[in-house]
Every structure is written in C-alpha cells, then in structure tokens.
Amino acid sequence: MKMQHAKRRSAGFSLVELMVALVVGLLLLAGVLQILLGNRESFEAQRGIADVQEQGRLVTFFMENVVAHAGHRVNLIADDDFLFSAEDTDDGFTLARGAVVTGLENDANGNDAVHVRFESDGNFSNCEGDPIGTPTDPEIGNFSLSVDDAGELRCNDVPLTEQDSVARFSVRYGLDTDEDNVVDAYVDLPSAAQQTDVRSLRLQLLLRSRKNVLPSGAAREYEFADNDPPFTTPDNDRRVYQFVDQTVALRNLLP
C-alpha cells in the first residue's frame, strides 16, 4: 500500500498539463517579445530624432559662421570694388565687381546654393580647416554651400551632413535698395546689379534621418519662403524631419 502511494507521488505531469503549461509559456514569451520590440522601436525613434536635432544644431552653427565671413576685409577702409573683382568661379557662380555674395537657384533636385567671399590674413580657415592667407600676404577666400546629388550639404567639397540627409536647401537674399542699412525686400536670386545690395541671407534647410525610424508613416508638408513649392513627404515615409529656418545679417557690410 505504501509503495502505491509513493508511485502516485512520483508520477509526472499529464499530457494535458504539459500542453497547458506550454501554451501559457508561449503567451508569456509573446508578451515579452512584444514589449521588447516596442522598446526597440521607441529607442530607434528617439535616437533618430536626437541625431537629426544634433545635426541641425551643428549645421545651423556652421552656416551662420560661413555667411558671417562674407565681405570681411583685413583693411577696414579698403575699397570693395578694388578688393573684390568681378569673377566667374569654377563651380558656376558669377560675382559682380564689389559683390561678396551670390547664388544658384533650383538645381535638378530643387536645391539652391550660395557663395560668399572674404579677405583673410590667416585668421580664417577654408572648409578643410587650413588657414587662408598670412599677415604679410592676405588672400581672398570663399565658401560655397550646396547640396550634391547624394543629398549631402557641402562646404565647397567637404560634406557637412550624411548622405540623403537633406531634403531641400533654399536661400533668399535680403536687399537694401535705398542704402539705409535696412533690408527692403527678399529675392530668390540677386541680379548682377543687386549683388552689392545684399545685406542678409535667409537660409532654410529641411533635414531628415537616413532610415525609417518612426512607428508609422504619414504625409507631412513643410512650407518654404516666397514662391517655393512646399515639400511633402510620401504617405509611407517614416523618417524624422527637422526644418531649419535662420536669417543671418552680413555684418561686415553694415556700419
């Protein structure tokens, strides 16, 4: 009799009990996996947002400093017409005599480009970080901001952003037409006669993450200045976007 009780106590689970335990375990595992996947999606989205925001801060700082170089002179009383001669640059910009800023409008991808020039005696560096000119031999330097076919914002030939991270780059030029040091109007692109009237630039840049990181896609529309058509994202686009809009005065041309 005691042996029979011992056998009953040592018996294992029945098949039904094992199947129930297996189903419960699978349900719990599915729940844990769902939580992990949700956390991973949230982490990827937060990282994508942080990357685009950081890139936006760096690009904003860089563009502002690039534009601020425009018209700098080693000798503050130097004649701009003599110092900055008429020029056709290798990358397609045409500058009138005395002009320190010009641009190109709407390339094949709808992006603008801007070119500024300045004089340096070694106190400014080029896009690669090398000094321009020396105290005894000042030189005319230049910066060109443009977007290449790979979607990179470039300073001359040096990339400032990752590939496919720029959706659109737009530039507007503020003109002082009556010489009162106040911008009277913004134009898409200054004519040769208007280039010497430019006193500020409005730079608009739409950045985006390289990968789809948001949980779901939705069409979004970003408005640009003046007559530029808005930029609309596809319905299934799950990338993060950040719109940069800054106006920079050409302080070297102001009294």
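Taking θ as phi - 60° and the Karplus parameters 6.51, -1.76 and 1.60, the scalar couplings of the range 81-91 work out to 5, 7, 6, 10, 7, 4, 8, 10, 7, 5, 9 Hz in sequence order, x denoting glycine and proline.
Computed about the Cα centre, the dipole magnitude for the chain is approximately 3220 debye when only Lys and Arg (+1) and Asp and Glu (-1) carry charge, each at its Cβ. The loop-placed GluC sites (Glu not before Pro) in the range 149-255, going by DSSP, that have at most 11 neighbouring Cβ atoms within 10 Å of their Cβ come out as 179, 223. Each other residue within a Cβ distance under 15 Å of residue 233 adds +1 if Lys or Arg and -1 if Asp or Glu, for a net charge of +2. Mind checking the angle between helix 15-68 and the chain's longest principal axis? C-alpha axes, 0 to 90 degrees, to the nearest 10. Approximately 10 degrees, to the nearest ten. Distance between the 7 Å Cα→Cβ label points at residue 210 and residue 108: 2.2 nm. For the chain, the residue among 16, 52, 113 whose Cα projects farthest onto the positive side of the dipole built from Cβ charges is 16. Average accessible surface for the chain: 58 Å² per residue, computed with a 1.4 Å probe over protein heavy atoms with every protein chain in place. Among 68-81, 98-111, 124-137, the peptide with the highest mean count of other Cβ atoms within 10 Å heads the list, and the full ranking is 98-111, 68-81, 124-137.
Using a probe radius of 1.4 angstrom, the carbon and sulfur fraction of the accessible surface of the range 105-185 is 41%. Take every Cα pair under 8 Å whose residues are at least 6 apart in sequence, average their separation, divide by the length of the chain, and the relative contact order is 17 percent.
Distance between the C-alpha centers of the range 223-247 and the range 110-186? Whole Å please. For the range 223-247 versus the range 110-186, the Cα centre distance is 22 Å.
The stretch between residue 57 and residue 130, if pulled fully straight at 0.36 nm per residue, gains 24.0 nm over its current Cα-Cα span.
Tell me, what is the percent relative contact order of the range 70-134, built from C-alpha pairs under 8 Å that lie six or more residues apart? Each step should come with its number before you reach the end.
Values: 93 pairs, mean separation 18.1, N = 65.
Computed value for the range 70-134: 28 percent relative contact order.
Only helices enter the 222 nm calculation for the chain: every DSSP H run of n ≥ 4 contributes -39,500 (n - 2.57), and dividing by all residues gives -9000 deg cm²/dmol, rounded to 500. The stretch between residue 236 and residue 149, if pulled fully straight at 0.36 nm per residue, gains 29.1 nm over its current Cα-Cα span.
The values are calculated or read from the model by the stated rules, or taken from the named source; none is laboratory data. In this text, all values refer to a predicted model and were calculated from it rather than measured experimentally. So basically every Cβ, Gly included, is an ideal-geometry build from the backbone, and we count neighbours across all protein chains shown. Accessible surface areas use protein heavy atoms only, side chains included; no ligands, DNA or RNA. Shrake-Rupley method; radii C 1.70, N 1.55, O 1.52, S 1.80 Å.
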